[in-house]
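Below is one structure, written out as structure tokens; comments come after it.
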Amino acid sequence: MLIRPEAAGDEGAIRAITAAAFARPGEPEPAEAEPAEARLVDELRAGPDWLPGLSLVAVGPDGGLTGHVLCTRGYVGTAAVLALGPLSVRPDGQRRGVGSALMHAVLGAADAFGEPLVALLGDPAYYGRFGFLLSTDYGILPPRSEWRPHFQVRALAAYQPSVRGTFRYPEPFDRT
């Protein structure tokens, strides 16, 4: 498997991967319906908080894309930080290390770019293995109080403990 930055022409494959990864099996949906996460990636890509170097894809042995992860610009107060998500892996590639490879790659890239921290909303049992802790351990509050048990932060080398306050996602997240 190869992890590389998203390239021109990857958009359709990324949308398909994200839609498949976030589909809710057993729930009838109209054929044109897509999970909100698939539209979110497109909206983030079109917005001012897009960071092209932090949109990564996993390429399988057949040359096709099997996964995608991205970080966009978020804020804690006025401090620029990263918002991670969505992380998507095609259902036939899940539980095979693709998601882990994407996480390690995006965290390494974020650290190399001098970013201070990465925040996300997700399962602590999954993301804890990548060094994420509950955001409140860092004095960072989620945008919605009900997210507190699942809102996590991963400090990077440039992290400063003075970065405290409420986290703010890029505007497209407000619509999901």
Please state which of the following conditions Gly85 fails to meet, knowing it meets all the rest: (1) touching a helix residue (DSSP H, G or I) at 6+ places or on another chain (Cβ under 7 Å); (2) closer than 18 Å to Arg39 by Cα.
-> (1)
Among Tyr127, Tyr159, the single one that is assigned to a loop (DSSP other than H, G, I, E, B) and over 21 Å from Glu11 (Cβ atoms) is Tyr159
Pairs only if they're at least six apart or on different chains, beta carbon under 8 angstrom, first in the range 136-156 and crowded, with 21+ Cβ neighbours inside 10 Å, second part of a loop (DSSP other than H, G, I, E, B) and not aromatic (Phe, Trp, Tyr); list them, first residue then second.
-> Ile140/Val163; Ile140/Arg164; Pro142/Arg148; Phe151/Pro142; Gln152/Gly122; Arg154/Gly131
Within the range 49-65, can one find any residue that is surrounded by 14 or more Cβ atoms within 10 Å (Cβ to Cβ) and either among the aromatic types (Phe, Trp, Tyr) or free of Cβ contacts under 8 Å to residues at least 12 places away in the same chain (or both)?
-> yes
Cβ pairs under 9 Å, 6+ apart, first in the range 110-131 and more than 14 Å from Phe167 (Cβ to Cβ), second among the charged types (D, E, K, R) = Ala110/Arg154; Tyr127/Arg154; Phe130/Arg154; Gly131/Arg154
Evaluation of Val41 against (1) in contact (Cβ under 8 Å) with a residue 24 or more places away in the chain; (2) surrounded by 16 or more Cβ atoms within 10 Å (Cβ to Cβ); (3) out of contact with any strand residue (DSSP E or B) (no Cβ under 7 Å at 6 or more places or on another chain); (4) in a helix (DSSP H, G or I) (one fails), failing number = (3)
Determine, yes or no, whether Arg73 is assigned to a strand (DSSP E or B), exposed (fewer than 15 other Cβ atoms within 10 Å of the Cβ) and modelled with pLDDT of 95 or more.
-> no
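The values are calculated or read from the model by the stated rules, or taken from the named source; none is laboratory data. Treat the numbers as computed from the prediction; the structure is a model and nothing was measured. Using ideal geometry, Cβ is built from the backbone for each residue, glycine included, and neighbour counts are taken over all protein chains shown.
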